[in-house]
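Below: the structure, in structure tokens.
The values are calculated or read from the model by the stated rules, or taken from the named source; none is laboratory data. All values derive from a computational prediction rather than experimental measurement. Virtual Cβ from ideal backbone geometry, glycine too; neighbours counted across all protein chains shown.
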Amino acid sequence: MTSARIHERHLFGPGPSNAYPEATLALAAPLLGHLDPAFLAIMDGTCEMLRRVWGTENARTLPISATGSAGMEAAFVNTVHPGDVVVVAVNGLFGQRMCDVAARCGAEVVAVEHEWGQPVDVERVLGAHAAPAIIAAVHAETSTGVRSDIAALGAAKGDALLLVDAVTSIGGIELRADDWGVDIGYAGTQKCLGVAPGLAPFTINDRAFDRRVERPRSWYLDLGLLGGYVGEASGSGGRTYHHTAPVAMVASLHAGLARILDEGLEAVWARHEAAGRQLQEGLEELGLELFAAEGHRLPELTTVKVPDGVDSAAVRRYLLETHDVEIGAGAGAYAGSVWRIGLMGHNARPDAVLLVLAALRDALAHA
């Protein structure tokens, strides 16, 4: 497989999407030093645009220099004190990961299990413990293609902090952190933001920051040290050095966010919604059954059941080798029985829908 051929591939899985062209071009720009005033201006602009995309005014909103999984870890290591009760809504793989990370921080984890493919049951989560320190949930569960009601959790969280995974939702569907009562949120760049993987857009409000762990288990992800990284050096109004920022990735995120905001955030949400609806209707016309609960399906990530008697891996291999189209397998117990098809960022377009439907029709005919 030549490099040129690989570059022609169309990625419709839950992993890295086809990036927005502006974000890709920014990666090729000449590199700046991580302390260069020009780069610091790019960082400031990136943080401001992230606030708009998160729907927050939080001063501590920044791209953590690692992938979304590090965003998850930063959220927990900075806010979970040993013995804290952490209620986690588990309706897929990433809720399970939240439980693991919280437990490693010394939390008493109360996992509220749901059937995969179903949204979070808000009443069960809120009733799982009388006084949790943290309630955690995934907004858009990447493993199942399900959207859950974060606003309802935020409205009744009480004194608990609400910690939210927005990896697959940010830049694709409605997200209003402040209005919904989100105290801590983390995301990734590689999905609806249309930027290569490598950064974790992160936000934490004053309420959560005031309760933070003074000396987290991670030096690298210590938000108290990262304050200077985003222009909050104590008493100086300037910056303190923490680590060498990934300058090309930040520049790429800056370009990707600018592209989204130029189009208009609500217009981007509407584009994702239209593409997802077109895809899901097309899949049903092919005789396929959708996996996620009706009324709670993500437009940017569609889960579909593999037909009986069809070899999931063989179909995915045919798509890749014949059409240069990549869709994702299911996760966990559904690895061989569900496909995950992503329409994110640059791929949330009618022509991309037609391409993946035509390729899948052909693959099924050869299955």
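Out of the residues in the range 274-298 meeting the condition of being in a helix (DSSP H, G or I) and among the small types (Gly, Ala, Ser), tell me which one is surrounded by the most Cβ atoms within 10 Å (Cβ to Cβ).
Within the range 274-298, the first condition is being in a helix (DSSP H, G or I), and the residues that meet it are 274-285.
Pick out the ones that are also among the small types (Gly, Ala, Ser) and you get 274-276, 282.
On the way: Ala274: 16, Ala275: 23, Gly276: 25, Gly282: 18.
In this case the residue turns out to be Gly276.
Just wondering, is there one or more residues in the range 199-215 that are crowded, with 20+ Cβ neighbours inside 10 Å, β-branched (Val, Ile, Thr) and under 12 Å from the mean Cα position of the chain (by Cα)? No: zero hits. If you go through the range 341-356 and keep only what is closer than 19 Å to Gly330 by Cβ and in a helix (DSSP H, G or I), you end up with just Val356.
Out of Thr46, Thr67, which single residue is surrounded by fewer than 23 Cβ atoms within 10 Å (Cβ to Cβ), among the hydroxyl-bearing types (Ser, Thr, Tyr), in contact with a strand residue (DSSP E or B) (Cβ under 8 Å, 6 or more places away or on another chain) and farther than 22 Å from Ile150 by Cα? Let's see the steps before the verdict.
On the way: Thr46 fails: surrounded by fewer than 23 Cβ atoms within 10 Å (Cβ to Cβ).
On inspection, the qualifying residue turns out to be Thr67.
State whether the residues of the range 275-297 include one that is closer than 30 Å to Gly45 by Cα, out of contact with any Cys (no Cβ under 6 Å at 6 or more places or on another chain) and among the small types (Gly, Ala, Ser). Within the range 275-297, one or more residues are closer than 30 Å to Gly45 by Cα, out of contact with any Cys (no Cβ under 6 Å at 6 or more places or on another chain) and among the small types (Gly, Ala, Ser).
With a requirement of 3 or more residues that are modelled with pLDDT under 90 and at negative phi, the helices (runs of 4 or more DSSP H) lying completely within the range 1-98 that satisfy it span 3-7. Scanning the range 296-319 turns up no residue that is acidic (Asp, Glu) and on the phi > 0 side of the Ramachandran plot.
Of the residues making up the range 170-189, those that are touching a residue at least 60 places away in the same chain (Cβ under 8 Å) and surrounded by 24 or more Cβ atoms within 10 Å (Cβ to Cβ) number 12. All conditions in (1) on the phi > 0 side of the Ramachandran plot; (2) outside any loop (DSSP other than H, G, I, E, B) hold for Gly171, with the sole exception of (2).
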